[in-house]
1. Give me the residue from the stretch 102-121 that is closer than 18 Å to E27 by Cβ and touching a residue at least 60 places away in the same chain (Cβ under 8 Å) and, out of that set, surrounded by the fewest Cβ atoms within 10 Å (Cβ to Cβ).
2. Please verify whether the stretch 112-125 includes one or more residues that are within 16 Å of the chain's Cα centre (by Cα), at pLDDT 95 or above, in a helix (DSSP H, G or I) and more than 22 Å from E43 (Cβ to Cβ).
3. Conditions: (1) within 15 Å of the ligand (Cβ to nearest atom); (2) part of a helix (DSSP H, G or I); (3) crowded, with 16+ Cβ neighbours inside 10 Å. L130 meets all but one. Number of the miss?
4. With the requirement that a residue be among the acidic types (D, E), farther than 23 Å from A145 by Cβ and without any contact (Cβ under 8 Å) to a residue 12 or more places away in the chain, what does the stretch 14-58 give you?
5. Return the pairs, sorted by first residue and then second, in which the second residue is hydrophobic (A, V, I, L, M, F, W, C) and within 11 Å of the ligand (Cβ to nearest atom), the first residue lies in the stretch 75-100 and is outside any loop (DSSP other than H, G, I, E, B), the beta carbons are less than 8 Å apart, and the residues are 6+ apart or on different chains.
6. Take the residues in the stretch 34-58 that are within 28 Å of R133 (Cα to Cα) and within 13 Å of the ligand (Cβ to nearest atom); name whichever of them is surrounded by the most Cβ atoms within 10 Å (Cβ to Cβ).
7. Listed residues E95, E89, E72; which is acidic (D, E) and more than 16 Å from A146 (Cβ to Cβ)?
8. If the requirement is being more than 16 Å from the ligand (Cβ to nearest atom) and closer than 13 Å to C50 by Cα, which of these qualifies: G110, G91, G102, G81?
Amino acid sequence: MTQNPNSLDNPRARKTELSAEAAAALEDIYRRVDKEVSGSGVECWLRGDCCNFEKVDHTLFASSLEIGYVKEKHPAPFPSGSILCPFWEEGLCVERERRPLGCRTYFCDGNYSQQLQAIYEKYHAEIRKLAERFELPYSYEPFVAALRTGNDPA
Ligand code: SF4
């Protein structure tokens with residue numbers, strides 16, 4: 001018998017849900033990331049280019065834990081068939097609160113790329129440890145595709 005991936009009897013479906021404690025720990029990481037990024041001096045040029053995946057040759061990856069955090073607020077899958085992030089509207093992000101680490105550390109100004117990469121790696125390691133601590137499955141995958149297929153990351 002095939003198990004319904006969305007069924008509450010499916011342990012994998014349950015395991016990708018974040019507990020309130022895990023969500024709070026992730027939010028704490030994001031607060032520290034934003035503080036470090038802000039302290040680096042990098043500025044957003046408000047061009048909207050960083051999320052224009054049709055224009056820039058960039059695939060945004062995120063951890064399953066972060067994707068689970070976004071899906072908690074947006075459980076219904078977004079329509080497939082586009083490489084654009086469903087939260088990118090008229091050049092602006094409409095989900096800044098839950099946007100993943102990769103969005104928080106990606107800026108147009110190449111002068112900061114090494115500094116931002118170091119911040120990314122430091123906190124990516126923390127997120128990975130968080131998944132271990134809360135015994136959540138861990139994977140690293142294209143963010144937009146994960147939102148547009150509705151498949152649970154694992
Ligand atoms: S979540 Fe926001 S910042 Fe990240 S790719 Fe989507 S629109 Fe851009």
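1. R104
2. Yes, because at least one residue in the stretch 112-125 is within 16 Å of the chain's Cα centre (by Cα), at pLDDT 95 or above, in a helix (DSSP H, G or I) and more than 22 Å from E43 (Cβ to Cβ).
3. With respect to (1) within 15 Å of the ligand (Cβ to nearest atom); (2) part of a helix (DSSP H, G or I); (3) crowded, with 16+ Cβ neighbours inside 10 Å, L130 is out only on (1).
4. Those that are among the acidic types (D, E), farther than 23 Å from A145 by Cβ and without any contact (Cβ under 8 Å) to a residue 12 or more places away in the chain: E27, D28.
5. What qualifies is W88/C51; W88/V94; C93/C51; C93/C85; C93/F87; C93/C103.
6. Among those that are within 28 Å of R133 (Cα to Cα) and within 13 Å of the ligand (Cβ to nearest atom), it is V37.
7. Answer to the selection: E89.
8. From the options G110, G91, G102, G81, the qualifying one is G110.
The values are calculated or read from the model by the stated rules, or taken from the named source; none is laboratory data. This structure is a prediction, so every number in the text was calculated from the model and none was measured. FYI the Cβ positions are ideal-geometry reconstructions off the backbone, even for glycines, and counts take in every protein chain you see.
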